[in-house]
Amino acid sequence: MPATAVAKPENGRNKGIFHNTAGFSTLITVTVLSLAWLAGFASRLFAVIRFESIIHEFDPWFNYRSTAYMVQHGFYNFLNWFDERAWYPLGRIVGGTVYPGLMITSGTIHWILHALNIPIHIRDICVFLAPVFSGLTAIATYLLTSEIWSRGAGLFAACFIAIVPGYSSRSVAGSYDNEGIAIFALQFTYYLWLKSVKSGSIFWSICTALSYFYMVSAWGGYVFIINLIPLHVFVLLVMGRFSQRLFVSYTVFYIIGLLLSMQIPFVGFQPIRTSEHMAASGVFALLMAVGALKYLHSLNPKGQWKQLLIVGGFLAAVAVFLVVVLLTYMGVIAPWSGRFYSLWDTAYAKIHIPIIASVSEHQPTTWSSFFFDLHVLVCTFPVGLWYCIKNINDERVFVALYALSAVYFAGVMVRLMLTLTPVVCVLAGIAFSILLDLVLREDEMCPPPVESEESKSLYDKAGKLKKRPHETPNGASEAGLGMNVRSGTLIAFMILLMLFSVHCTWATSNAYSSPSIVLASYGNDGSRRILDDFREAYGWLSQNTAEDARIMSWWDYGYQIAGMGNRTTLVDNNTWNNSHIALVGKAMASNESAAYSIMTALDVDYVLVIFGGAIGYSGDDINKFIWMVRIAEGEHPKDIHEADYFTERGEYRVDSEASKTMLNCLMYKLSYYRYDSGGSPPGYDRTRGALPGNRGFKLTYLEEAYTTEHWLVRIYRVKKPDEFNRPRLPVAKRTISTTNSVSKKLAIGPGTTTSKRRKGLLKNKPTVVKGKKVARLE
Amino acid sequence: MKYKALLCLVVILTFYQGAAQTRAKGLEEKLQQLADMTAKKSIIPLNFNKFKEYVKSPPRDYSFIVMFTAMAPARRCAICQHVYDEYMIVANSFRFSQAYNNKLFFGMVDFDEGSDIFQMLRLNTAPVIMHFPAKGKPKPADSMDFERAGIHAEAIAKWIQDRTDVQIRIFRPPNYSGAVAFATLFLLVAGFLYLRRNNLEFLYNKQMWAVAAVFFCFAMVSGQMWNQIRGPPFFHRTKNGPVYINGGSHGQFVLESYIVAILNGAVVVGMILMIEAAGGVKGDPARAQAEGKRRRFQSVVGLVLVCVFFSLLLSVFRAKTQGYPYSFLFK
């Protein structure tokens, strides 16, 4: 980190000093960028150093699994891959439901390295892909900022984005997810777009379209690009900044980008069939209309043409808008999908789509998360925005729109902080660059004394040598800002930047570097204990269950079970089928017998629950349980009522005051079955801080198969219909006497009719004793 | 004596028969009356006698949803009006829906008209929505929990479905106020532009646009959207005086977000002051040479603004985030 902190101040000055030595400034640029890359890469390695080179969290496990599949079976087999291990019994067409960019990227790297005879495992490529791409993102940000403002600002922005927590939250080593490469693609596409608007050349437009294609293949957030660029064009039209360059760059980008984006199987015909993409086509039509009017205008530049132009443009805009609305009503164009719609109508998801509302990433953002993720940038980027608008031109219009839309989206959803971070870095880079450029520019009159402490790089000395002859001791300081103010400013801003880099390191290390698959707990003496229960459980599954065993768990763990346990799951993190998830939720929320009928209907062999009561792990299933109830209630309002799971005073409790439904539901029983750990008194739940209300019960339809060391993961086997409710007979008694003793044992069995039915007897063979489901057996 | 007893018996018998007749008739009559009242007004206002007659007294085969509220302005119940509006939507949706039948009625008791009902049911808060089932006494779950479910008509309808199995599709009267406000705004802007059509220079005023954009950023960054969606209290009152800053990092108060917006704004203003003092972006060296003292002062003010307010921001953040180790100037 010190590398960036030191590198930043110099570049602001290098413009002033070395403006005629191009080679030198290139050297500085390259040095700063490579240091930024290095610092960014290094700051993302906390998880690898603390734990090991391991894939994190949930979604990355699916990405890893499909990457491994692609490397093993080839690209075309990957595209045709039907995964029968997920969403049992439905299965999932993986090739058509993923953005393949991530897999192709790491697969290509793997292929190249192997062609060079470097035998590296695909897992290591997956783990380190995001940190490597963070360096590329820094370079793309540098290029983008240089287009908008200056190269000095670009270097600032590159340094910022290399370490800012808002971006490293999604790109630490092991977090092998789409966002890791998508932010690079996003920034690079924007850079190329500005380049093409500036130059108006077809070459740059095609490059933009290609980069856009990569973005489409990498992340669903490409919708942001395909709405922001048309918005830019539209605003430029409104501002009267239409030009041939704009016309060429947008039309070429739109057509080629559209065709390319439709090549991704998952996207398919969406770009011409859904509302999210209609802004792009509408602006395309509008641009054509304005272009035609401009051409007519050029034929006869005199007269009333100007008004005609304005009115014509206005009418064209209204006509395009009406056509889109009409097509939507006719059903040719699909309306906004729930995920996007909830960005505008913020109450929508909460009422209608609990599965979206249940994800913590989809909550709105508090100011403290803004500050946590951006630190000093959050209160300096408006300065950059201010100066961009004050000195407006075509590309600064773009960055202003980018900032305003991204800041809105980040306010609505925590997750979209990721799209805000790059533009904040750009604008804050501009702000810092303007200020330090000015403060250091008058160096020629009075060099600030702080320099020698602040900067240690070699060209600094060269700079001093050059300056000394010009130095005028007193005169200039009267007129200018003066040495004291200047140095005070410098020191203060050095401290701010230092605080920033320290904060970034702290945030990345403490908040974003947990693999969440391996947990660490710290004792009172600072000793560290690794809790490896998840892998223990998944390892047990892969070793001790049948190859085709079906595991039921809440969807959070679907990808991990498939990736590490290599077993069939019912639901997973690709939450495409709400009713299937609701069915699993219903099973978890019902009592044992009702759950059993659901589980037999779904062919479940094992049930896996996460229970954190013994170690105080708060992300366990009991805490998520209320969402299972809500989602189940959404699909089965007759059977599940959310209110039943709360106490009469509306509290969510697990102790003896909890509601009866809660104490008898499957999730509760599976979590607390046989639980006697957790300190005194035995069976104390440390997560909820309560003694479970229902203890010492027995399970009828399931049996415990495995519980990990710290009780974190509990696996139960679902009994076959012939296994439960059987009276336990000692071996000695398993001979059949001729009296009616068998039917006496069957007191809870089929009832009185059995005694009348005569059974044929086989010698030395126990009869099949048929059980009947008992509603509740406690 | 004998005759007297017989007479008594006869009298008692006839009386009984009569009572039985009035009772049997009572149910139908009551239903008829209730249906009439509902036809007039979809929420039946109830006083003590009506409440006893229709809701409490036994011959019933219908469910009754009753809202207990205090609508009089003197009672200062702000939420009552909201709940009443939503409740009205539910009642109207039911009244005019296909599923309308005599199994469910909506009523309302105002505290000022039926305070004895409140006493009878031992209610000391308002508003409360209770369900009186056709059979048996109301259970605790028969009074709706606003805190958990919210007060939206949809939530009330869902709760009713939960309790009575009557599904009500909420039909909100289309809310024209938004459209009207939008249209008015549009017309105002258009009219303003038309009046000033010869002098549209102000649209090119970059300062105005820049201020608007920067303010939008402040609003978003200080979490106004969170306030909008979550609706936190303005600030928190405790025994030890008001608390302005929420202790946890997952929550915030409205006032807190304003404070943060102001702190952010101060830092930005400070930085802009410094830049302008140092000569601005355009870099006019001739101007830069002049008035050195004033510019130095401006620069120092800017620097102080940036440092002090950023430190304040950092300490507020530190107070909210447990275990955050860094601070600047202030603890």
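The values are calculated or read from the model by the stated rules, or taken from the named source; none is laboratory data. This structure is a prediction, so every number in the text was calculated from the model and none was measured. Heads up, the Cβs are rebuilt from the backbone with ideal geometry, glycines too, and the neighbour counts pull from every protein chain shown.
Take B:ALA155 and tell me if it is within 10 Å of chain A (Cβ to nearest Cβ), modelled with pLDDT under 75 and within 26 Å of B:PHE96 (Cα to Cα). Talk me through it step by step, then tell me what you get.
Details: within 10 Å of chain A (Cβ to nearest Cβ): yes; modelled with pLDDT under 75: no; within 26 Å of B:PHE96 (Cα to Cα): yes.
Here the answer is no, as B:ALA155 does not meet what is asked.
Is it the case that segment B:202-214 has a residue that's more than 7 Å from chain A (Cβ to nearest Cβ) and in contact (Cβ under 8 Å) with a residue 24 or more places away in the chain? Looking through segment B:202-214, none of the residues is more than 7 Å from chain A (Cβ to nearest Cβ) and in contact (Cβ under 8 Å) with a residue 24 or more places away in the chain.
How many residues are over 14 Å from A:PHE234 (Cα atoms), buried (at least 16 other Cβ atoms within 10 Å of the Cβ) and not hydroxyl-bearing (Ser, Thr, Tyr) when one looks only at segment A:267-296? Number of matching residues: 7.
So, in segment A:624-656, of the ones that are facing chain B (nearest Cβ under 10 Å) and in contact with a Pro (Cβ under 9 Å, 6 or more places away or on another chain), which residue ends up modelled with the highest pLDDT? The selected residue is A:GLU633. Among residues of segment B:156-173 that are among the small types (Gly, Ala, Ser), those with a beta-carbon under 9 Å from a residue that is surrounded by fewer than 19 Cβ atoms within 10 Å (Cβ to Cβ) at least six positions away or on a different chain give the pairs B:ALA157/B:GLN167; B:ALA157/B:ARG169; B:ALA157/B:ILE170. Taking the numbered list (1) touching a helix residue (DSSP H, G or I) at 6+ places or on another chain (Cβ under 6 Å); (2) buried (at least 23 other Cβ atoms within 10 Å of the Cβ); (3) charged (D, E, K, R) in turn, A:ARG567 passes all entries but (2). Out of curiosity, is A:ILE112 surrounded by 17 or more Cβ atoms within 10 Å (Cβ to Cβ) and at pLDDT 90 or above? No; evaluated as a whole, the condition is false for this residue. Based on what the data block shows, is B:LYS331 of a type in the set (Lys, Arg) and not in a helix (DSSP H, G or I)? Considered against the rule, which asks whether it is of a type in the set (Lys, Arg) and not in a helix (DSSP H, G or I), B:LYS331 comes out as yes.
Of all residues in segment A:456-486, those being buried (at least 19 other Cβ atoms within 10 Å of the Cβ) and either at pLDDT 50 or above or touching a strand residue (DSSP E or B) at 6+ places or on another chain (Cβ under 7 Å) (or both) number 5. The lone criterion from (1) under 19 Å from A:ALA403 (Cα atoms); (2) part of a loop (DSSP other than H, G, I, E, B) left unmet by A:PHE266 is number (1). Note on segment A:293-388: enclosed helices (runs of 4 or more DSSP H) holding 3 or more residues that are at pLDDT below 85 and more than 30 Å from A:TRP627 (Cα to Cα) are A:305-330. When B:ILE65, B:ILE79 are checked against the criterion of being touching a His at 6+ places or on another chain (Cβ under 6 Å), aliphatic (A, V, I, L, M) and either modelled with pLDDT under 80 or surrounded by 13 or more Cβ atoms within 10 Å (Cβ to Cβ) (or both), B:ILE65 stands alone in meeting it. Cβ-Cβ distances below 6 Å connect the following pairs, each with a first residue in segment A:42-59 that is outside the structural domain of A:ASN574 (by TED's automatic domain parsing) and touching a residue at least 60 places away in the same chain (Cβ under 8 Å), a second residue that is outside any loop (DSSP other than H, G, I, E, B) and of a type in the set (Gly, Ala, Ser), and a separation of six or more residues or different chains: A:ARG44/A:SER168; A:PHE46/A:SER509. Considering A:TRP37, A:TRP61, the condition of being buried (at least 19 other Cβ atoms within 10 Å of the Cβ) and closer than 25 Å to A:ARG535 by Cβ is satisfied by A:TRP61 alone. Among the residues of this structure, A:TYR99 counts as one that is modelled with pLDDT of 90 or more, within 24 Å of A:VAL571 (Cα to Cα) and either of a type in the set (S, T, N, Q) or buried (at least 20 other Cβ atoms within 10 Å of the Cβ) (or both). Picking from residues in segment B:291-305 that are within 7 Å of chain A (Cβ to nearest Cβ) and among the aliphatic types (A, V, I, L, M), the one that is farthest from B:GLY265 (Cα to Cα) is B:VAL300. Restricting attention to segment A:74-128, the residues that are among the hydroxyl-bearing types (Ser, Thr, Tyr) and within 23 Å of A:GLU547 (Cα to Cα) add up to 1. Of B:SER63, B:SER97, all but one fail to be of a type in the set (S, T, N, Q), touching a Pro at 6+ places or on another chain (Cβ under 8 Å) and touching a residue at least 24 places away in the same chain (Cβ under 8 Å); the exception is B:SER63. Among the residues of segment A:163-177, is there at least one that is more than 23 Å from the chain's Cα centre (by Cα), assigned to a helix (DSSP H, G or I) and under 29 Å from A:THR31 (Cα atoms)? No, the conditions are met nowhere in segment A:163-177.
Does B:GLY248 qualify as being under 24 Å from the mean Cα position of the chain (by Cα) and more than 10 Å from every other protein chain (Cβ to nearest Cβ)? Answer is no for this residue. Confirm whether A:SER514 is surrounded by fewer than 21 Cβ atoms within 10 Å (Cβ to Cβ), in contact (Cβ under 8 Å) with a residue 24 or more places away in the chain and either of a type outside the set (S, T, N, Q) or closer than 19 Å to A:TYR64 by Cβ (or both). Yes, satisfied. No other residue among B:GLN161, B:GLN119 is polar (S, T, N, Q) and at pLDDT 80 or above apart from B:GLN119. Exactly one residue out of B:GLY136, B:GLY107 is on the phi > 0 side of the Ramachandran plot and of a type outside the set (D, E, K, R): that is B:GLY136.
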